[in-house]
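A short worksheet on the structure shown next.
The values are calculated or read from the model by the stated rules, or taken from the named source; none is laboratory data. All values derive from a computational prediction rather than experimental measurement. Every residue, glycine among them, receives a Cβ derived from its backbone with ideal geometry; neighbour counts consider all protein chains shown. For the accessible areas, the whole protein counts, side chains as well, though only heavy atoms, and no ligand, DNA or RNA atoms are used. Shrake-Rupley method; radii C 1.70, N 1.55, O 1.52, S 1.80 Å.
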Amino acid sequence: ETWRWFGPNDPVTLDNVRQAGAGGVVTALHDRQDGRVPWPSDEVRARKATIEAAGLAWSVVESIPVPDAIKTGGAGADAAVACFTESLRAVGGAGVGVVCYNFMPVVDWTRTNLRHAMPSTGLALRFDAVDFAAYDAFILRREGAEADHAPDVLEKAEARAAALTPEARDGLERTIIAGLPGVAGEANDRAAFRRRLALYDGLDADDLRRNHAAFLNAVVPVAEEAGVRLAVHPDDPPFPLFGLPRVVSTHDDLKRIVDYVPSPANGLTLCVGSLSSSAANDVVAIADDMAPHVHFAHLRNVRVEPDRSFVESDHLDGRTDMVAVVRRLQGEERQSGRVIPMRPDHGHLLGSDIEARTNPGYSFIGRLKGLAELRGVMRALA
């Protein structure tokens, strides 16, 4: 049982992690997230010492940044890969054995509403397809955006964009492009966002897959030497955004990725919520098939709507049978003799956290509730 922690400035403290009952911490050097400079070994070891002084273990790095140059395969790709591998060596040298990373272009995990009211009166994270289209087509006015949204969604989006106040427009833009917790790289304003989108002009899904394969061919041997297992995070949501391809979205994508470089050091993060956000994904079937390659698990659930909107549900409710997923991962642990770290991914805003300073998705009470529910499932199955 692990817990994501955003470093010394996180309002949820390491004492809180212990109070939650988790034994492991999932974190990174969050002040070094632009991918231009390798993580210094002394800083990695100092972060580990801080965690261990609190009576915890640093279980997973999430994440070492993968800059645009690597994803586009453009100028600077070799230097960026070299930077990533040096950070990988620093992490392995400190004895942290799992590194979660992602290969999403420009935008990382994406939502349109960070405080969606639930029937419980708690507040959840939501992706609203109409709000997203309103921003993409009628606020950002990205060239070709209209072709990327269903006609009925686009019609509603035009009306919604027209009805937004300037303050609401700014808020929607910040939520979508400015960067949510844990996102690597610089925070985007609209001008910077347009510049980053332009880097991917002409790049299609096959190009992105080739660049991912080239990245893994370069870094997996280093991971093997460093004693680190790489665990790619699925796209969130698992479908294209802003006309950009996403290639870690389906069961077939995951099978393809582990085949790029067959190695125990090349594996997966099973993010139940991310994969569940596409109605086309059967996450229990994915867990059944891909469990031998899963090095890390994010356990969270969603409810999806016909237009691709979704809302983050309670951890044991939603479209995926969480009990079946946990059962399969526990079975893999018994069969393989290895440990798969898990963390409760995200949580509703509940109780006093509704008015407190929190990182969206990473409040204390909501994740405490989720971890308690998941722990009950794990204990009962065991």
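Distance between the C-alpha centers of region 1-55 and region 238-261? Whole Å please.
Region 1-55 and region 238-261 have Cα centres separated by 29 Å.
Using the charge dipole of the chain (Lys, Arg: +1 at Cβ; Asp, Glu: -1 at Cβ; taken about the Cα centre), state which of PRO344, CYS271, TRP58 has its Cα farthest towards the positive end.
TRP58
To the nearest 0.05, how large is the calculated FRET efficiency for ALA285 and SER263 if R₀ is 35 Å and r is the Cβ-Cβ distance? Intermediate values should be presented prior to the final figure.
Working: r = 24 Å, r/R0 = 0.68.
Plugging the Cβ-Cβ distance into 1/(1 + (r/R0)^6) gives 0.90.
Return the tail of the calculated pair distribution for region 1-127, meaning the percent of Cα-Cα pairs more than 17 Å apart.
Tail of P(r) above 17 Å: 63 percent of Cα pairs.
Which of VAL339, VAL81, VAL12 moves the most in a Gaussian network model of the chain with Cα springs under 10 Å?
Result for the chain, Cα springs under 10 Å: VAL339 fluctuates most.
Could you check the simple spin-label distance between ARG256 and ASP317, using points 7 Å along Cα→Cβ, in nm with one decimal?
In this crude label model, ARG256 to ASP317 measures out at 3.6 nm.
Mind giving me the nanometre distance, one decimal, between the label points for ASP152 and GLU355, set 7 Å out from Cα along Cα→Cβ?
4.2 nm
Would you work out the charge dipole size for the chain about its Cα centre, treating the Cβ of every Lys and Arg as +1 and the Cβ of every Asp and Glu as -1, and quote it to the nearest 20 debye?
820 debye
Ignoring ligands, DNA and RNA, what percent of the 1.4 Å accessible area of region 91-231 is carbon and sulfur? Spell out each step's value before the answer.
Values: 3050 of 6160 Å².
The value for region 91-231 is 50 percent carbon and sulfur by accessible area.
For region 182-302, compute Rh as the Kirkwood radius over C-alpha pairs and then the Stokes-Einstein diffusion coefficient at 25 °C and 0.890 mPa s; write the answer in µm²/s, rounded to an integer.
Reported coefficient: 158 µm²/s.
Pick from ARG327, ARG141, ARG32: which residue has the top mean-square fluctuation in a GNM of the chain where Cα pairs under 10 Å get a spring?
Answer for the Gaussian network model of the chain: ARG141.
Once you've got the GNM for the chain with C-alpha springs shorter than 10 Å, pick whichever of HIS149, HIS315, HIS346 has the biggest mean-square fluctuation.
HIS149
Using R₀ = 56 Å, calculate the FRET efficiency as 1/(1 + (r/R₀)^6) where r is the Cβ-Cβ separation of GLN19 and ARG141; round to 0.05.
0.75
Quick check on the chain: of the DSSP beta bridges with both residues there, what percent are antiparallel, nearest 5%? Display every interim value, and only then the final one.
Working: 10 of 35 bridges.
DSSP beta bridges in the chain are roughly 30 percent antiparallel.
Could you please state, rounded to a whole Å, how far the C-alpha centre of region 200-217 is from the C-alpha centre of region 315-382?
After rounding, the separation between the Cα centres reads 33 Å.
Charges on Cβ only, +1 for Lys and Arg, -1 for Asp and Glu, centred on the Cα centroid of region 119-171; of VAL153, LEU164, ALA137, which one is farthest towards the dipole's positive end?
LEU164
Residue farthest toward the positive end of the dipole of the chain, with Cβ of Lys/Arg at +1 and Asp/Glu at -1: which of ALA291, ALA205, ASN16?
ASN16
How many nm separate the modelled label positions at GLN335 and GLU225, each set 7 Å beyond the Cα in the direction of the Cβ?
So the two model labels end up 3.3 nm from each other.
Under 20 °C and 1.002 mPa s, how fast does region 118-180 diffuse according to Stokes-Einstein, given a Kirkwood radius computed over C-alpha pairs? Answer in µm²/s, whole number.
Here the translational diffusion coefficient equals 173 µm²/s.
Working out 0.36 nm times the residue gap between ASP42 and ARG210, then minus their Cα-Cα distance, what length gain in nm do you get to one decimal?
Once the chain is fully extended between ASP42 and ARG210, it gains 57.1 nm.
What 222 nm value per residue comes from the helices of the chain, counting each DSSP H run with n ≥ 4 as -39,500 (n - 2.57) and dividing by all residues, nearest 500 deg cm²/dmol?
Taking each H run of at least 4 residues, the total per residue is -13000 deg cm²/dmol.
Once a ≥ b ≥ c are taken as the square roots of the eigenvalues of the Cα gyration tensor of region 49-199, is the result rounded (a/c under 1.5), prolate (a/b larger than b/c) or oblate (a/b not larger than b/c)?
oblate
Counting DSSP beta bridges in region 1-139, what percent are antiparallel, to the nearest 5?
Working: 3 of 13 bridges.
About 25 percent, rounded to the nearest 5.
Are there any GluC sites (Glu not before Pro) in region 150-252 that are in a DSSP loop and have at most 15 other Cβ atoms within 10 Å? List them by number. Please list the in-between numbers first.
Details: sites: GLU155, GLU158, GLU167, GLU173, GLU186, GLU224, GLU225; in loops: GLU186.
Those satisfying the criteria are GLU186.
Only sites in a loop by DSSP and with at most 15 other Cβ atoms within 10 Å count here; which GluC sites (Glu not before Pro) in region 305-382 make the cut?
Loop-located and lightly packed - GLU355.
By what distance, in whole Å, do the Cα atoms of the chain stretch along each of the three principal axes, largest value first?
Dimensions of the chain along the principal axes of its Cα atoms: 54, 50, 39 Å.
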